[in-house]
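Here's the structure, in structure tokens; my notes come after.
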Amino acid sequence: NDTLDLQLHAHGYPFTIDDGQRSGYTSGSSASTRWHNVVQVDDKNWIGASWVRSLTDGDGARYMLAEAVPPQDFENVRSYRRQVALLDAGDDPAATPLPPSAIMGAGLPAVARTPDCYVFDVVRVSGGKRHTYNFHASLDDEVVCNVADKKPSDRGKREGFPASAQGFTGTAPEELTATWRMRRDPMGTALGERGIAPWFDAKSPRKFTRLHLLGWKGAPVYTDWTFCKQWNYGFTNLYTVHETEQDSDALFPAVIEPYVGTPFIASVRLLPVEGNEADASAAVAIEVKTVDGRTDFLFVDGRPEKTRRIGTSAAAGEFAFAGEDKDGLRLATLSGGT
């Protein structure tokens with residue numbers, strides 16, 4: 001049920017987690033597409049094959065395109081693809097890379113700074129009448145979101161859920177931003193931040209996962225809560241919904257920022273692409289600015305044979321990245337293009 005699920009590890013921690021309990025342990029059921037970091041089509045479970053079509057392991061900009069085969073009961077879905085890039089946020093002289101020995105339990109000083117990175121995520125679905133971008137992070141004790149017309153929701157109060165499961169509904173602004181704070185102490189018998197890393201120190205900064213979802217102004221947004229009855233823990237899921245009366249396409253561009261203490265991304269914005277289409281294969285261009293003065297240009301396209309113009313720039317490819325700092329161009333890469 002979790003085909004094309006997105007998982008993210010950074011700074012020695014899982015900044016998203018997988019709801020993978022066996023049947024009967026959770027409410028709602030782990031055997032449901034809606035509890036995974038995917039786009040759900042028509043509120044149905046998607047069980048099908050997938051494969052990675054493109055993989056470019058470039059320094060500082062690692063990219064892949066994955067494609068799922070629509071199952072037989074999704075006969076109206078023509079394609080479902082996910083383009084993902086893992087991007088270094090720059091060279092911080094104070095940062096210390098996390099060595100394999102630390103991951104194996106040798107430990108790392110709790111106050112050590114590890115390099116920042118972020119994810120560029122674009123999901124493309126052609127077909128279906130209802131498309132829901134599902135996202136959750138780690139076990140959380142706080143979720144902050146900038147939805148408009150925010151109202152409390154009773155969805156998280158059912159079936160004996162704790163008060164922390166109180167959800168909300170609202171509508172998305174042009175840049176929907178939601179931030180999950182990683183739970184520090186255990187909840188029930190589950191591991192919080194304290195139990196995940198052998199180098200945990202209570203004096204270390206808190207850990208956060210921030211979602212920047214772009215281009216869905218006015219879309220309905222709501223949260224729900226997954227609860228594991230067996231081990232007494234849960235976490236918050238955020239849903240952004242696109243719904244039409246006829247089959248349609250949906251394109252979800254996002255930037256996902258795992259950070260320690262304070263955010264390192266200052267701004268994220270969509271860039272206009274000249275002559276762009278309005279379907280699932282349209283080009284997407286995004287500008288990301290960091291708090292230390294770097295500017296990144298991100299680009300993906302479902303029609304890599306076309307030359308696209310974005311302001312004074314141009315690109316032709318599946319994926320392109322260019323990063324600048326105070327000294328000029330610091331990194332550029334192109335995948336599947338000319």
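The values are calculated or read from the model by the stated rules, or taken from the named source; none is laboratory data. These numbers come from a predicted model, not from an experiment. As a convention, Cβ positions derive from the backbone with ideal geometry for all residues, glycine included, and neighbour counts pool all protein chains shown. Only protein heavy atoms, including side chains, enter the accessible area calculation; ligands, DNA and RNA are left aside. Shrake-Rupley method; radii C 1.70, N 1.55, O 1.52, S 1.80 Å.
Structure values in brief
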{"item": "Residues within segment 11-60 that are among the polar types (S, T, N, Q) and either farther than 26 Å from His242 by Cα or in contact with a strand residue (DSSP E or B) (Cβ under 6 Å, 6 or more places away or on another chain) (or both), tallied", "result": "10"}
{"item": "Those residues of segment 270-283 which are more than 20 Å from Arg78 (Cα to Cα), open to solvent by less than 50 Å² (accessible area, probe 1.4 Å) and under 20 Å from the mean Cα position of the chain (by Cα), in sequence order", "result": "Leu271"}
{"item": "Single residue of segment 224-249 satisfying the filter (β-branched (Val, Ile, Thr) and surrounded by 15 or more Cβ atoms within 10 Å (Cβ to Cβ)) that is nearest to Val41 (Cα to Cα)", "result": "Val241"}
{"item": "Count of segment 290-324 residues which are under 25 Å from the mean Cα position of the chain (by Cα) and assigned to a strand (DSSP E or B)", "result": "15"}
{"item": "Asp19 farther than 30 Å from Leu331 by Cα, open to solvent by 50 Å² or more (accessible area, probe 1.4 Å) and not basic (Lys, Arg)", "result": "no"}
{"item": "Test: residue in segment 146-165 that is under 20 Å from the mean Cα position of the chain (by Cα), modelled with pLDDT of 95 or more and buried (at least 19 other Cβ atoms within 10 Å of the Cβ)", "result": "yes"}
{"item": "Among residues of segment 303-322, those that are open to solvent by less than 60 Å² (accessible area, probe 1.4 Å), farther than 17 Å from Leu270 by Cβ and hydroxyl-bearing (Ser, Thr, Tyr), counted", "result": "0"}
{"item": "Selection count, segment 242-278, where residues are of a type in the set (A, V, I, L, M, F, W, C), under 21 Å from Leu86 (Cβ atoms) and free of Cβ contacts under 8 Å to residues at least 40 places away in the same chain", "result": "1"}
{"item": "Residue under evaluation Leu65, criteria (1) surrounded by fewer than 21 Cβ atoms within 10 Å (Cβ to Cβ); (2) at negative phi; (3) in contact with a strand residue (DSSP E or B) (Cβ under 9 Å, 6 or more places away or on another chain); (4) not aromatic (Phe, Trp, Tyr), criterion not met", "result": "(1)"}
{"item": "Enumeration of residues in segment 302-327 that are more than 17 Å from Leu87 (Cβ to Cβ) and not basic (Lys, Arg)", "result": "Gly302, Pro304, Glu305, Thr307, Ile310, Gly311, Thr312, Ser313, Ala314, Ala316, Asp327"}
